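These notes concern the structure reproduced below.
Please treat every number below as a calculation from the coordinates, not as lab data. Note that this is a predicted model, so its numbers are computed, not measured. Every residue, glycine among them, receives a Cβ derived from its backbone with ideal geometry; neighbour counts consider all protein chains shown.
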């Protein structure tokens, strides 16, 4: 499993949210950045950022305490930078490197139909949760299920062309 990107808007599947702007830092237009990438600094590996659909270039960034701060091109005073507070930081899907054959981006799994090896439909992958030991798929159908994303044990096949994810899972559980 690669990345923790999530779609911010179902109508915009080609945009992937990597973080958000928490607020301003200082008086020269610096911004406090919340990153959903791992490690946190990886958010700066992608350029340009999409903020409200507009492309924004990071001029410079640094670690600040336990967080990150950055300055964007054209935002060199506190008042102007403040207009970005609370905005999502996204990138285009094609800015991500292609995953290896045995890896998947979470965004690509979302929306797949989940079926057991016996052909029982369990629902659709809503989103994934990072737990530390293994990732967990949230599958919504007639009820919500939490399935561990453990390749070979619970997840048997991912077929993007068919829009299906095959699992070894008891439908009663």
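Spacing of the modelled spin labels on residue 127 and residue 60, each 7 Å from Cα toward Cβ, amounts to 3.5 nm.
222 nm [θ] for the chain, helices only, -39500 (n - 2.57) per DSSP H run of 4+, per residue, to 500? Don't jump to the answer; show the numbers that get you there.
Details: 2 runs with 9 residues, N = 173.
It comes out at -1000 deg cm²/dmol, rounded to the nearest 500.
Take the Cα of residue 151, step 7 Å toward its Cβ, do the same at residue 83, and the gap between the two points is 4.5 nm.
Translational diffusion coefficient of the stretch 110-167 at 10 °C, 1.306 mPa s, Stokes-Einstein with Kirkwood Rh over Cα pairs, in µm²/s as a whole number. Display every interim value, and only then the final one.
Numbers: Rh = 11.2 Å.
My calculation gives 141 µm²/s for D.
Taking only the C-alpha atoms of the stretch 15-95, Rg followed by Dmax gives 11.4, 35 Å. Considering only alpha-carbon pairs that sit under 8 angstrom and 6 or more positions apart, the relative contact order computed for the stretch 110-167 is 32 percent. Find the relative contact order for the chain and round it to a whole percent, using C-alpha pairs within less than 8 Å whose residues are 6+ positions apart. RCO, the chain: 19 percent.
One decimal place: the segment residue 94-residue 42 gains 17.1 nm when fully extended, by the rule 0.36 nm per residue minus the C-alpha distance.
A Förster radius of 45 Å, combined with the Cβ-Cβ distance separating residue 51 from residue 160, puts the computed FRET efficiency at roughly 0.95. Springs between Cα atoms under 10 Å define the GNM used for the chain, and in it the highest mean-square fluctuation of 59, 125, 24 occurs at 59.
Ratio of alpha-carbon Rg to the 2.2 N^0.38 Å globular estimate for the chain, to two decimals, please. Before the final figure, lay out each step's value.
Numbers: Rg = 18.8 Å, N = 173, 2.2 N^0.38 = 15.6 Å.
Against the compact-globule rule of thumb, the ratio is 1.20.
For the stretch 65-144, pairs of C-alpha atoms spaced more than 19 angstrom apart make up 63 percent of the total.
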